[in-house]
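Contents: one structure, followed by commentary.
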Amino acid sequence: MARICIVCHNEGNGGYPVQNDVVMGAIKKAKQRFGVAQNNELVVHEECFEAHRKKRERFERDLAMHFVFAAIVLIVFIVLPIFSGGFSITSVFLGMLLGVLIVGLSILHYWPKTTFSPKTVAQPAQPSAAKVQLPFMKKEEKHEAKKPEAKKGKRK
Ligand SMILES: [Zn+2]
């Protein structure tokens with residue numbers, strides 16, 4: 001079983017295994033049904049991870065937007081008609097159909113996630129080698145030069 005990177009499509013050792021989720025399972029089943037399943041182990045190379053992360057983030061953003069859009073459609077087609085008295089079973093069906101379609105469209109940008117993520121390299125707390133030497137707290141001593149008070153108005 002070859003390990004194939006989903007970013008660069010090359011074989012290679014190592015890498016982070018791709019997580020099997022609903023979509024991955026469906027794709028696998030579909031491939032098996034059509035007899036094109038390759039049974040490769042899907043991974044993401046260490047050096048491909050940055051590209052993978054971006055794709056995954058894009059998909060997640062996309063999915064969230066599709067859900068928001070679907071929610072708006074449901075409100076417009078189902079919730080608003082209830083309050084405006086224009087409720088009809090047709091609009092409910094239409095709203096649900098559109099909602100499912102909109103969410104389903106996000107699969108165009110589908111990108112799986114990996115089971116492991118590289119740990120963000122913990123930055124070692126660097127105690128600055130050169131310790132800042134606090135200047136010895138010097139009290140600024142005011143040398144009050146005690147001037148002999150000039151006596152004013154010298155008596156002649
Ligand atoms: Zn790769």
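The values are calculated or read from the model by the stated rules, or taken from the named source; none is laboratory data. Note that the structure is a prediction, hence the values are computed from the model and not measured. All Cβ positions, glycine included, derive from the backbone under ideal geometry; neighbour counts span all protein chains shown.
Among the candidates Leu94, Leu80, which residue alone is closer than 30 Å to Ala26 by Cβ and at pLDDT 70 or above?
Just one listed residue meets the conditions, Leu94.
Could you please give the count of residues in region 32-57 that are away from the ligand (no atom under 16 Å from the Cβ) and either of a type in the set (Ser, Thr, Tyr) or modelled with pLDDT under 90 (or both)?
Number satisfying all stated conditions: 4.
Table: residues versus (1) in a loop (DSSP other than H, G, I, E, B); (2) touching a His at 6+ places or on another chain (Cβ under 6 Å); (3) surrounded by 14 or more Cβ atoms within 10 Å (Cβ to Cβ); (4) of a type outside the set (Lys, Arg).
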residue: Asn20; (1), (2), (3), (4): yes, no, no, yes
residue: Ala26; (1), (2), (3), (4): no, no, no, yes
residue: Val36; (1), (2), (3), (4): yes, no, no, yes
residue: Ala51; (1), (2), (3), (4): no, no, yes, yes
residue: Lys55; (1), (2), (3), (4): no, no, yes, no
residue: Leu101; (1), (2), (3), (4): no, no, no, yes
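Considering only residues of region 1-18 that are aliphatic (A, V, I, L, M) and loosely packed, with under 13 Cβ neighbours inside 10 Å, which is nearest to the ligand (Cβ to nearest atom)?
Only one residue fits best here, namely Ala2.
Looking at Leu74, is it surrounded by 12 or more Cβ atoms within 10 Å (Cβ to Cβ), free of Cβ contacts under 8 Å to residues at least 12 places away in the same chain and farther than 27 Å from Lys55 by Cβ?
The answer is no for Leu74.
Looking at Gly35, is it more than 30 Å from Ala2 (Cα to Cα) and small (Gly, Ala, Ser)?
No: the conditions fail for Gly35.
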